Amino acid sequence: MQRNPVHAQQAALSAAWEPGSPRIAVLLPCYNEEAAIPRVVADFRAALPQARIYVYDNASTDRTADVAAAAGALVMREPLRGKGNVVRRMFADIEADIYVLADGDDTYDAAAAPDLVETLCREQLDMVNAARVNTRHEAYRRGHKLGNRLFTQIVSGLFGKRFNDILSGYRVFSRRFVKSFPALSQGFEIETELTVHALELRMPVGEVMTDYKERPEGTQSKLNTFRDGLRILMTILRLTKEERPLAFFSAGGTLLALASLVLAFPLFVTYFETGLVPRLPTAVLVCALNILAFLSFACGLILDSVSRGRREMKRLHYLALPAPVPQPRPEVMQEAEDRSQVSANALAI
């Protein structure tokens, strides 16, 4: 029987993947980061000398692409503006075993990358999130800090609490995470989508606290507090509708049912006192609200079954890709070496 070429390719990759030498790709989406990107490329090259560093220029109007290439990075271009568009292109184009995603603004600690990669390999995880710890007060604007805390609490309540910083742009992924991630977002809401994807499929994930610095002088943040905050909130609502439709539509149905009860209460009082229903339009509105409430509950039940089927298909596609090869903990390796040494000494005697 002829083997499936895709399965053969996956088997070959799994057999060739040695824990000591995985292919590592550092992915740096950039938009007008001429002043910061050379330092970022140099820091990641020093931290991960075996990695290939890719800089994706997102229609910059300055010399970001030229200075990144001069610093030794492999420069690609993505004309569609928006971080989500860049990440989607990166995940589609780049072939590696481990992916390190960071921003090109020199706010993340590149020296922490080896620890993040080691954690991913040692624990056989699919994503390691670098939760940000402020090294200086200026690094994190007050509005961004408050919004991050609020959105983290919302996502934790809806999908489960496994991260303390869902909007971090510094993460390490396995190959099977990257190649099973649909990447539908266009802008800065991509971090939310990455987090929900991991939570929905119940992937093995971890989080490591890392330093977060202020932007270098002469550079400007591309994140708009209110506009991008609203987009992130809308993304959370969209993902809730798609991944938790029963809860989403049940909440709407509950609000409609409560509104109908509030409007119906005076009608019942009048009816019991006089035996009449003088406010017929209100009675019709109450009936309409109750019908809409039941329809909302019914839609939630139907879409919950559809969502479950989609989740199963995504899970099967995720499982079709080779898993990271586990690496034993250092203390376990030391114990194994000690036992081997004791056995060798016993044989020698």
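The values are calculated or read from the model by the stated rules, or taken from the named source; none is laboratory data. Keep in mind that this is a model prediction, so the values were computed, not measured. All Cβ positions, glycine included, derive from the backbone under ideal geometry; neighbour counts span all protein chains shown. Side chains included, ligands, DNA and RNA excluded: accessible areas come from the protein's heavy atoms. Shrake-Rupley method; radii C 1.70, N 1.55, O 1.52, S 1.80 Å.
Table for the structure above
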{"read-out": "Filter pass, residue 214 being under 28 Å from residue 81 (Cα atoms), open to solvent by less than 50 Å² (accessible area, probe 1.4 Å) and charged (D, E, K, R)", "value": "no"}
{"read-out": "Sole residue being closer than 30 Å to residue 147 by Cα and either in contact with a helix residue (DSSP H, G or I) (Cβ under 6 Å, 6 or more places away or on another chain) or not acidic (Asp, Glu) (or both), chosen from 291, 236", "value": "236"}
{"read-out": "Test result for residue 230, part of a helix (DSSP H, G or I), aliphatic (A, V, I, L, M) and touching a residue at least 40 places away in the same chain (Cβ under 8 Å)", "value": "no"}
{"read-out": "Where residue 40 falls short, out of the listed (1) open to solvent by less than 10 Å² (accessible area, probe 1.4 Å); (2) touching a Leu at 6+ places or on another chain (Cβ under 9 Å); (3) free of Cβ contacts under 8 Å to residues at least 60 places away in the same chain", "value": "(3)"}
{"read-out": "Unmet criterion (only one of (1) open to solvent by 40 Å² or more (accessible area, probe 1.4 Å); (2) modelled with pLDDT of 95 or more) for residue 21", "value": "(2)"}
{"read-out": "Residues of segment 60-74 that turn out to be of a type outside the set (Gly, Ala, Ser), open to solvent by 40 Å² or more (accessible area, probe 1.4 Å) and assigned to a helix (DSSP H, G or I), as a count", "value": "1"}
{"read-out": "Flag for residue 307 being among the small types (Gly, Ala, Ser) and under 30 Å from residue 174 (Cα atoms)", "value": "yes"}
{"read-out": "Qualifying residues in segment 302-344 (those that are among the acidic types (Asp, Glu) and modelled with pLDDT of 85 or more) - the one most open to solvent (accessible area, probe 1.4 Å)", "value": "312"}
{"read-out": "Qualifying position, being free of Cβ contacts under 8 Å to residues at least 24 places away in the same chain and not β-branched (Val, Ile, Thr), among 46, 59, 69", "value": "69"}
{"read-out": "Pairs, first over 16 Å from residue 26 (Cα atoms) in segment 72-84, second acidic (Asp, Glu) and in a loop (DSSP other than H, G, I, E, B), C-beta under 9 Å, six or more apart", "value": "84/189"}
{"read-out": "Pair list, Cβ < 7 Å and 6+ apart or interchain, from segment 112-130 residues that are more than 19 Å from residue 43 (Cα to Cα) and among the aliphatic types (A, V, I, L, M) to residues that are open to solvent by 50 Å² or more (accessible area, probe 1.4 Å) and in a helix (DSSP H, G or I)", "value": "none"}
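Each row is one residue, and each column tells you yes or no for (1) aliphatic (A, V, I, L, M); (2) open to solvent by less than 60 Å² (accessible area, probe 1.4 Å); (3) assigned to a helix (DSSP H, G or I); (4) in contact with a strand residue (DSSP E or B) (Cβ under 8 Å, 6 or more places away or on another chain).
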| position | (1), (2), (3), (4) |
| --- | --- |
| 265 | no, no, yes, no |
| 270 | no, yes, yes, no |
| 273 | no, no, yes, no |
| 281 | no, no, yes, no |
| 287 | no, no, yes, no |
| 292 | yes, no, yes, no |
| 300 | no, yes, yes, no |
